[in-house]
1. Which members of the range B:113-152 meet the condition of being at the interface with chain A (Cβ under 8 Å from one of its Cβ atoms), in contact (Cβ under 8 Å) with a residue 24 or more places away in the chain and among the hydroxyl-bearing types (S, T, Y)?
2. Of all residues in the range B:97-112, which are closer than 21 Å to B:F139 by Cα and within 7 Å of another protein chain (Cβ to nearest Cβ)?
3. Could you tell me which residue of the range A:160-204 is nearest to B:N67 (Cα to Cα), considering only residues that are among the aliphatic types (A, V, I, L, M) and over 26 Å from the mean Cα position of the chain (by Cα)?
4. Identify all residues within the range B:370-384 that are part of a helix (DSSP H, G or I) and not hydrophobic (A, V, I, L, M, F, W, C); write none if there are none.
5. Looking at (1) more than 27 Å from A:R180 (Cβ to Cβ); (2) at the interface with chain B (Cβ under 9 Å from one of its Cβ atoms); (3) in contact with a strand residue (DSSP E or B) (Cβ under 9 Å, 6 or more places away or on another chain); (4) not charged (D, E, K, R), find the lone condition where A:F248 falls short.
6. Could you go through the range B:302-311 and let me know if any residue there is aromatic (F, W, Y), open to solvent by less than 10 Å² (accessible area, probe 1.4 Å) and more than 24 Å from B:Y253 (Cα to Cα).
7. Could you please give the count of residues in the range A:283-322 that are closer than 14 Å to A:D351 by Cβ and within 23 Å of the chain's Cα centre (by Cα)?
8. Name the helices (runs of 4 or more DSSP H) wholly inside the range B:102-221 in which the number of residues that are closer than 30 Å to B:I399 by Cα and open to solvent by less than 30 Å² (accessible area, probe 1.4 Å) is 1 or more.
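The values are calculated or read from the model by the stated rules, or taken from the named source; none is laboratory data. Since we're looking at a predicted model, the values are computed, not measured. With ideal geometry, Cβ positions are generated from the backbone for all residues, glycine too; neighbour counts draw on all protein chains shown. Just so you know, the surface numbers come from the protein's heavy atoms only, side chains and all, with ligands and any DNA or RNA stripped out. Shrake-Rupley method; radii C 1.70, N 1.55, O 1.52, S 1.80 Å.
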Number of protein chains: 2
Amino acid sequence: LWTQMSRGTQSKFFTHLFIYFALGSRYVSKTATKTVSEFEYDAPSMKTAVPGPKSQELLRQLGEIQNVGAIHFFCNYEESRGNYLVDVDGNRMLDVYTQISSIPIGYNHPALIKVMTNPNNVSAFVNRPALGILPPENFPEKLFESLLSIAPSGMNRVQTMACGSCSNENAFKSMFIWYRNKERGYASPSEQEVGTCMINQSPGCPDLSILSFMGAFHGRTMGCLATTHSKAIHKLDIPSFDWPIAPFPKLQYPLEEFVRENAQEEARCLEEVEDLIVKWRQKGKPVAGIVIEPIQAEGGDNHASPDFFIKLRNIARKHGCAFHVDEVQTGGGTTGKFWAHEHWGLDDPADIVSFSKKLLTGGYYHRDELQPDKPYRIFNTWMGDPSKNLFLSEVLNVIRRENLLEEVTRSGKALLQGLYSLQTQYPHILSRARGQGTFCAIDACSDATRDSIMLKARNKGLFMGSCGEKTIRFRPALVFKEYHVHQLLNILNDILAEHK
Amino acid sequence: LWTQMSRGTQSKFFTHLFIYFALGSRYVSKTATKTVSEFEYDAPSMKTAVPGPKSQELLRQLGEIQNVGAIHFFCNYEESRGNYLVDVDGNRMLDVYTQISSIPIGYNHPALIKVMTNPNNVSAFVNRPALGILPPENFPEKLFESLLSIAPSGMNRVQTMACGSCSNENAFKSMFIWYRNKERGYASPSEQEVGTCMINQSPGCPDLSILSFMGAFHGRTMGCLATTHSKAIHKLDIPSFDWPIAPFPKLQYPLEEFVRENAQEEARCLEEVEDLIVKWRQKGKPVAGIVIEPIQAEGGDNHASPDFFIKLRNIARKHGCAFHVDEVQTGGGTTGKFWAHEHWGLDDPADIVSFSKKLLTGGYYHRDELQPDKPYRIFNTWMGDPSKNLFLSEVLNVIRRENLLEEVTRSGKALLQGLYSLQTQYPHILSRARGQGTFCAIDACSDATRDSIMLKARNKGLFMGSCGEKTIRFRPALVFKEYHVHQLLNILNDILAEHK
């Protein structure tokens, strides 16, 4: 065979061989107990201010074809490892934002590289199927071993989608379909309904609504955007729906110290929710579903108590609305449980739980009743991507093997304690430290101070995210350990000590 | 090194080695002129009725977690090659539907397998970045060598997205932002606009509309769905917007024989478009953009003349509306040109051209003026997927190297001629054969007859798609050759001859 191969093919084969050995000796863990930390760097290492000259040149190039105003810098993903993101100028940063919270087990995890180099997986990458009509043989098996193995209690149905917005859009559609089927007593739609829906008119396209919360973020496609209320820049100039928006509790932190005040605030918000449901029903735009994040992320890392969510779930049931928990940012283990809403201890499960980001594929779980009655009602060309399910299976193996949820709980405690210390030390700069697992945040005294701290931190090798008006959010990967916490706190402490 | 590897790693290495040689000897073309046909099967080969017993068992399993009513059968993608799709029961079918028109160069094309096995590409698959904030080093270069190398004339800006719906949603948002910026004279938004947009109210969320056409399909998320009017099942029970819907021309085929009648029909539709624009402006819901497919696909493969589209473009300009050409299904070479709207000879380019499916990544091109004025207005976590751009680059190389657009033109002519012959031979069953390139269709005398022909064809090894009420649509890959056309026509002829 070898002699039949062209010179080019031989040469490529050697490259391949070389890399295989390189991977074999460098990344592949020899025992199941080895962890990613053994394959990553020790610490940040900075060579230039960020963005450095190479990033700036690439920004100029990309600026010719796109708005590049949101770009921080360009990355060298090949050289990034675990918790450390390397940029094109050779700067290595501790990354606690992880691609807007979407890298579950760090960069270039050996387990994920194995998925790529496993020849049995090649076909899943090169032949993306239309999953809704022609799924691959292993599709049910892969769903069972990945998404269904981590299904929230009470949910044994799941629909994959391409991204978070698409997941929420289709979750909303499922709630509307469910609501109208109830209303018409599960009878067939009338001729009038079938006719009017084709021209966007009622009753075929009914005036139904989704109740959302001020400060919420559920995505940016037009259905989702009507339930997003975090920042004006997301919504300005885009037509929307007249749907009810309830206040989300504005709690005082630390939660343990303001139990009574916070309970009153939550009661006020719940009362408003019921008022809005009644009011919108009277308006002729009944609430088909309520959508909420377990922790409002983009809106500023706003928490509420388990009691609040349990009562909200009860209100939804009482008024015949579906209850949709959006775990796009909170799901995947970052709060110390696989799903943040598992912290609530709900007796009665949610109706829909949507996900994306750390799960690598979008999608949503739902109760039996929320399954559409007919094919093609919830549908699109790809309906997800089986190659993402392969990666997810492996991510779940790593989470189990390396006990990453315990790790998150441990690192999260250290992180939150550290943030408490910093705000005690620098009360004129920091306040309202809060978090669950490593899903932590702290407020600066102003947006300008927040932005300045973040830029200084970046130049010292700590890359963080922002949210809300003046909040820093921490979204490390699940492989974020206590010693990474200490690196983070040391850098922050240095900056705060210098801050006038 | 070898002796340092564990037994398991050695064994995996041999598997890898074996596969590499297998691929090397079986698929990898030795010269640039070899084509996929040398690596694929000769003909369909059927072992069971479809769906066979294995598919039925998998349907039962998947039915426990999803609505499986739309699933045809389960596939063995590993064994599928070129134009032939193999199912789990070992049936091999000539596939002229190609995953709802989304497989550009056939199954398991050797060029795409090379992308997967190239170690330089591993990182792009395992570290999916947030492209809008932290793009990889090669992102501009890959955009230039893939999407920008095939940009429609007059367009040098492109935004990638995950799928077709997401592309159209964001294209609509771009048109709304552009329209409002014009209206406010490019001044900053007022405080009132900023405040009201947060609660979904005008003027921050203005009452703007998108004009679409009856029979159109632009996707299923709620913004897109308001412009989709192909089938009631897609729209029933989902709230929508009061946006204008114009009639799409109902032409008589073959187009050459009904020039005068068709011109009259198109004039009627264009007049209605202008009336609607005026009417919706008077209603206080001005038309910010017009969206149209070059050939309505899901709606029944409805064509219109270049003259119609040129006049429509002029109407859009005259009334200050953006002109958005949705090439999600028509783009990628299937009409014989890379973009179907290149057949029109537009003097003035469109404002937006959206794509997905055969391009493997979603996205849209746009003119400079349609670029949002600020970052984060058009944004989401992933903004596409660089691993899809890698595949696209390679698909474009294959299209150029194998002259696939010429091939499509040649095969398309043979296919359309064959369909004309069949409808002449079986006028009581078939009519209205039509097409451009291999993007062809033919109507049956009823939906029941259409469905029966399609099922019989499937059992004889020909897998086709349907659209509209009683139409069969042909959506082969770009590697569909004249001898595949003959296979297709022979199978259809056999079925029609038996048809009572």
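1. Listed by number, the list holds a single entry, B:T117.
2. Going residue by residue through the range B:97-112, those that are closer than 21 Å to B:F139 by Cα are B:111-112.
Answer for the range B:97-112, where residues must be closer than 21 Å to B:F139 by Cα and within 7 Å of another protein chain (Cβ to nearest Cβ): just B:L112.
3. Step one: filter the range A:160-204 for residues among the aliphatic types (A, V, I, L, M), giving A:161-162, A:171, A:175, A:177, A:187, A:194, A:198-199.
The next check asks that each one be over 26 Å from the mean Cα position of the chain (by Cα); those that pass are A:187, A:194, A:198-199.
Details: A:A187: 19, A:V194: 22, A:M198: 24, A:I199: 27 Å.
Only one residue fits best here, namely A:A187.
4. Taking the range B:370-384 as the starting set, the residues that turn out to be part of a helix (DSSP H, G or I) are B:370.
Passing the criteria: none in range.
5. Every condition holds for A:F248 apart from (2).
6. Filtering the range B:302-311 down to residues aromatic (F, W, Y) leaves B:308-309.
Within this subset, residues satisfying the condition of being open to solvent by less than 10 Å² (accessible area, probe 1.4 Å) are B:308-309.
From the residues that got through so far, the ones that are more than 24 Å from B:Y253 (Cα to Cα) too are none.
No.
7. Within the range A:283-322, residues that are closer than 14 Å to A:D351 by Cβ and within 23 Å of the chain's Cα centre (by Cα) number 8.
8. Details: elements: B:110-117, B:122-126, B:139-145, B:164-183, B:191-197.
Those helices (runs of 4 or more DSSP H) span B:110-117, B:122-126, B:139-145, B:164-183.
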